[in-house]
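> Dropping a structure here in structure tokens format, bear with me for questions.
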Amino acid sequence: MTTSKSTQAIVPNCHVIKIGGSTLANLSQAFIKSLKRRVEAGQNLIIVHGGGPDINNALAEQGIVSETVNGIRVTTPEMIHTIRNILIGDVNARLVGKMNASGISSAGLSGFDGVFASNYLDQETYGEVGVVTEVNAKKFQLLLKAGIIPVVACVGTTIEGTPLNINADTLASGIAAGVQAESLLLVTDTPGIKKDGETVRSVSEQDIRKWIANGIIYGGMIPKVQAALDCLEAGVRAVQITDDTLMGTTVKAVNPLLTRPIKEVHTNA
């Protein structure tokens with residue numbers, strides 16, 4: 001990917017919020033109200049969500065056992081259609097329904113709706129798993145200008161129409177970079193990065209790379225911190241890993257006082 005010297009946001013005052021599947025399963029009304037306050041304050045929100053527990057239950061009912069590699073669910077062809085249906089038809093619809101019922105005008109989306117393009121991450125290692133290759137910032141911009149909050153399920157598609165399972169942290173990072181969001185908030189069931197049993201309130205890029213190498217950061221936290229680093233490299237100003245209290249770990253750039261080049265995630269603007 002190339003870099004750009006422009007720092008002008010494609011979608012002004014935009015904040016991407018990723019909600020993990022475990023958090024969705026116990027989504028509090030207080031959290032929905034906090035989203036509404038942000039919208040009423042003039043923030044442009046883009047919601048990205050996962051759905052791990054729902055997927056696990058659906059696969060278990062079919063007698064399918066899944067595994068993860070580097071925190072990413074290896075997805076076989078027999079799994080992908082179930083994952084697509086659960087994320088788009090169940091989890092996304094449920095979240096959009098809650099938001100609309102609470103007075104937050106929302107619309108459910110996925111890669112099939114053209115807001116982002118994707119391709120295989122590494123088919124030999126992960127199977128039917130995708131990575132974001134392009135973000136259609138103009139579509140997000142049009143929805144937000146109309147007062148509609150995009151709620152994006154982490155399902156992509158190849159150019160041929162084959163569904164792809166995309167890690168929600170990875171998707172949120174790609175969208176945040178593509179619209180040049182002011183912040184990315186990764187909401188999960190853990191209150192941030194832990195070291196020696198305690199949540200770390202702020203961490204540097206160097207700390208993250210060191211802690212991955214020595215095993216302090218492992219499993220499902222790896223995609224989250226990698227998403228954070230990708231966003232900082234792309235020019236997103238702030239990344240937080242938090243639970244639904246919105247208190248957690250802030251990931252800092254090497255030198256936040258310097259203007260960082262923005263990595264272009266080919267935006268169709």
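> How large is the helix-only mean residue ellipticity at 222 nm for the chain, computed as the sum of -39500 (n - 2.57) over DSSP H runs with n ≥ 4, divided by its residue count, in deg cm²/dmol to the nearest 500?
Mean residue ellipticity at 222 nm (helix-derived): -9500 deg cm²/dmol.
> Also, quick follow-up: Once you charge only the Cβ atoms, +1 for Lys and Arg and -1 for Asp and Glu, what is the size of the charge dipole of the chain about its Cα centre, to the nearest 20 debye?
It works out to roughly 1060 debye.
> Oh, and also: Enter the Cα centre distance for the pair the range 127-196 and the range 77-119, rounded to the nearest angstrom.
Between the Cα centre of the range 127-196 and that of the range 77-119, the gap is 11 Å.
> Amide H to amide H under 5 Å from Thr199: which residues, 5+ apart in sequence or cross-chain, H placed 1.01 Å off N in plane?
none
> Would you pull out the residues with amide H under 5 Å of Ala253's amide H, same chain only if 5 or more places away, H placed 1.01 Å from N?
Amide H neighbours of Ala253: none.
> Quick check on the range 1-94: take the gyration tensor over C-alpha atoms, sort the square-rooted eigenvalues as a ≥ b ≥ c, and tell me if it's rounded (a/c under 1.5), prolate or oblate.
oblate
> Rounded to the nearest 5, what is the percent of antiparallel bridges among the DSSP beta bridges in the chain?
If we restrict to bridges inside the chain, about 40 percent are antiparallel.
> Which shape class, rounded, prolate or oblate, goes with the chain when its Cα gyration tensor gives a ≥ b ≥ c as root eigenvalues, a/c under 1.5 marks rounded, and past that a/b bigger than b/c marks prolate?
rounded
Readers should treat all values here as calculations from the given coordinates under stated rules, not as data from a laboratory. All values reported here derive from a predicted model rather than from experimental measurement. Please note: Cβ atoms are built from the backbone with ideal geometry, for glycine as well, and neighbour counts cover all protein chains shown.
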